[in-house]
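Colleague: Have a look at this one before I ask anything.
The values are calculated or read from the model by the stated rules, or taken from the named source; none is laboratory data. Treat the numbers as computed from the prediction; the structure is a model and nothing was measured. Glycine gets a Cβ as well: all are built from the backbone with ideal geometry, and neighbour counts include every protein chain shown. These accessible areas exclude ligands, DNA and RNA; they are computed on the full protein's heavy atoms, side chains included. Shrake-Rupley method; radii C 1.70, N 1.55, O 1.52, S 1.80 Å.
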Amino acid sequence: MIFNSFDFALFIIPVFLLYWLILSKSAVYQNVFLLITSLVFYAWVDWRFLSLLLGSIVINFFLGKAIHTAERETRQLLFLRLGLVFNVGLLLYFKYFNFFYDNFFELLHVFGVQKSHGILHIILPLGISFFTFQNLGYLIDVYNEEIEPSNDFLQFSVFVAFFPKILSGPIERAANFIPQIQKKRIFSYQVAVDGLRQFLWGLFAKVVIAENCAVIANPIFENYENESGSTILVGAFFYTIQLYADFSGYSNMALGVSKLFGIELMRNFATPFFSTNISDFWRKWHISLTTWMMDYVFTPLSFTLRRYQKMGLLVSIIATFVLVGFWHGANWTFVVYGLLHGFYFVPLVYSGNINSSQIMAKGKWFPSVKEIIKMVLLFVLVMLTAIFFRADSVTTALNCLQKICSVTLIDFPHTVLTTITATTSILILFFIGIEWINREKKHDFEISNYHMLLRWGLYISLFLVLLFFGKSSETFIYFQF
Amino acid sequence: MNITTIKEKISEILTAILEHTNFELHDELTAKDVDGWDSLSHMMIITKIEEEFGIRFKLRDLNKLKNMGSLITLIQSKL
């Protein structure tokens, strides 16, 4: 059951009403209800791994307590390591086993050992990359004494399984989430309406922008051998927008739904393409993953390598980004994706510009020419990596890049000269325009201060656009991770 | 080394790395309050503090830091 489905509408309306009308007496009632709802939601999408999710909740809950109550530091470390082995083990088995298994036999093949091997059918449990990372962060925070472990099994279960974020994040932090469910939530009309607005914007990004971009990009990448370099470049452009609209759309919907229940999840996207460099971009793109990687991978690594100064910093950044890439899936394409992003940091580390992060053209209507050039350059850099993200193998991605670098780049991209390209481009302009106007706000569609007529004008326009240009879709790109 | 000297040194380090002086060094100050003090610049600041004071931190000590006050206490305990 995905957010942009009729099923979800049927599910969320009674859940919302029950939560506020009948179960609003105490925090315990609300949490019991949220847990049951979340488990039903997860089982509805895929019941096969419900026991895995429950097992993971129980084990991490007790490990958190064990780390905290252990008296000696060696015992604390032992429980932390158990937790790391358990959670990373889950990921390695379900997500990466086939990758290492295949590559092992490939390697044997290189060394002349001929061995045939069968294919193992391991199904990826939905949301596993998200909830295991959340649990890992929780255990490390408890070990570092940054947070107290949860003593309330119910609250901890809601923290792990909360349905708006279980399938694709944001990767929440206990310190942000648990305090919100410790007290009774009181209905706020403003918050609920704001949630609906954010949901509407996410729905528009997914159903209109991402899905129309997919209609243009998919045939190009599926048939790239027969396309010109220029057409592939156009495909890469629309795919980059698709990727952003798909995942930021999902995230906005998740945050919007969550607000309906009086819970604020962490922001996952903050208009990342309005950035002047790659460091700034990653501070605004998939923020919950980036900050996770910063805290639990980059910081320990750069601390260990700190005496190598800039070189140590660079190695830590590149290693972190390789892991960011690999987190997305068991394929070399994602490793290259991460590696490229890591390498993009080289000039920043050596010029000392790594910390420049600001809201683009703050307080102004338009960016300067210099800022526009930087944004375009950044977009092109990200677009090149998106080709690896999209391709099924590194060879395919390299073939696409080779085509882009060939003389066919100056061919006119005839195949994409269609009505859908024209309408999608106009819709993208509208999408970018609204995001630009709201870039300093808490989310992309925070329009509470607009005049009522303008607000309703925008709602009605979005409904009409959804009605006429919306496309149904069964999945989100990030569900496969 | 007294607290005032420690604070002065930290202030100099922050200014050198963050390239601005838009902060006031008090005990409740956190990285979030200071422009540009994020996970990337944090490690550069820590390395510089180690160099300037001639001390070594443990990662776990750093993770426990809550604010400027606890950083100063940690530095003092190492001197």
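Colleague: In square nanometres, what is the average projected area of the Cα convex hull of chain B?
Modeller: In nm², the orientation-averaged hull projection of chain B is 4.6.
Colleague: What percent does the relative contact order of the stretch A:6-185 come to when contacts are Cα pairs within less than 8 Å and at least six residues apart?
Modeller: That works out to 34 percent.
Colleague: Kindly point out which whole DSSP H helices in chain A project their C-alpha atoms 30 angstrom or further along the helix axis while averaging a Kyte-Doolittle hydropathy of 0.5 or above.
Modeller: A:229-260, A:369-390
Colleague: Here's something else I'd like to know. Set the Förster radius R0 to 35 Å, insert the Cβ-Cβ distance between A:Glu371 and B:Glu52 as r into 1/(1 + (r/R0)^6), and round the FRET efficiency to 0.05.
Modeller: Rounded to the nearest 0.05, the efficiency is 0.45.
Colleague: When only C-alpha pairs under 8 Å and at least 6 residues apart count, what is the relative contact order of chain A, in percent?
Modeller: Worked out over chain A, it gives 19 percent.
Colleague: Roughly how many nanometres apart are two label points built 7 Å out from the Cα toward the Cβ at A:Val28 and A:Glu222?
Modeller: Taking the simple label geometry, A:Val28 and A:Glu222 are separated by 5.5 nm.
Colleague: Determine the per residue accessible area of the stretch A:6-185 with all protein chains present and a 1.4 angstrom probe, expressed in square angstrom.
Modeller: 49 Å²
Colleague: Trypsin sites (Lys or Arg not before Pro) within the stretch A:68-104: which are DSSP loop residues with at most 10 other Cβ atoms inside 10 Å?
Modeller: Loop-located and lightly packed - A:Arg72.
Colleague: Sticking with this one: What is the P(r) of the stretch A:334-481, as percent of Cα-Cα pairs per 10 Å bin from 0?
Modeller: Percent of Cα pairs in each bin: 8, 23, 34, 27, 8, 0.
Colleague: May I ask you to find the residues of the stretch A:146-182 that are shielded by at least 10 Å² of accessible area once the whole protein assembly is considered instead of their isolated chain (probe 1.4 Å)?
Modeller: So the qualifying set is A:Glu146.
Colleague: Of the heavy-atom accessible surface of the protein assembly as shown (probe 1.4 angstrom), what whole percent is carbon and sulfur?
Modeller: 65 percent
Colleague: Given the DSSP H assignment, sum -39500 (n - 2.57) over each helix run of at least 4 residues in chain A and divide by its residue total; what's the result at 222 nm in deg cm²/dmol, nearest 500?
Modeller: Using -39500 (n - 2.57) per qualifying helix, the result is -21000 deg cm²/dmol.
Colleague: Next up: Taking 45 Å as R0, compute the FRET efficiency from the Cβ-Cβ separation of A:Val394 and B:Leu25 and round it to 0.05.
Modeller: Efficiency for this residue pair is about 0.35.
Colleague: Only sites in a loop by DSSP and with at most 16 other Cβ atoms within 10 Å count here; which trypsin sites (Lys or Arg not before Pro) in the stretch A:276-364 make the cut?
Modeller: Filter output for the stretch A:276-364: A:Lys362, A:Lys364.
Colleague: Loop only per DSSP, at most 10 neighbouring Cβ atoms within 10 Å: give me the chymotrypsin sites (Phe, Trp or Tyr not before Pro) in the stretch A:107-213, ordered by residue number.
Modeller: Sites meeting the loop and neighbour criteria: A:Phe111.
Colleague: How many angstrom lie between the C-alpha centres of the stretch A:198-219 and the stretch A:407-481?
Modeller: Measuring centre to centre over Cα atoms gives 7 Å.
Colleague: With the Cα gyration tensor of the stretch A:6-185 in hand, convert its eigenvalues to equivalent ellipsoid semi-axes via √(5λ) and list them largest first in whole Å.
Modeller: After scaling each eigenvalue by five and taking roots: 35, 24, 10 Å.
Colleague: Quick one: give the max-minus-min coordinate of the C-alpha atoms of the stretch A:1-108 along each principal axis, largest first, in Å.
Modeller: Result, largest extent first: 58, 45, 18 Å.
Colleague: Still on this model: Put simply, what bits of the stretch B:36-54 lose 30 Å² or more of accessible area when the other protein chains are there, versus the chain on its own (1.4 Å probe)?
Modeller: B:Asp38, B:Ser39, B:Leu40, B:Met43, B:Met44, B:Thr47
Colleague: Please compute how much accessible surface disappears when B pairs with A, both sides summed, using a 1.4 Å probe, and round it to the nearest 100 Å².
Modeller: Roughly 1900 Å² of accessible surface disappears when B and A pair.
Colleague: With the other protein chains left in place, how much accessible area per residue, in square angstrom, belongs to the stretch A:201-245 at a 1.4 angstrom probe?
Modeller: Result: 24 Å² of accessible area for each residue.
Colleague: Hull surface divided by four, with the convex hull built on the Cα atoms of the protein assembly as shown: how many nm²?
Modeller: Reported value for the Cα convex hull: 29.2 nm².
Colleague: Divide the volume of the convex hull of the Cα atoms of the stretch A:119-254 by its number of residues and quote the answer in cubic angstrom per residue.
Modeller: Convex hull volume per residue, Cα atoms: 170 Å³.
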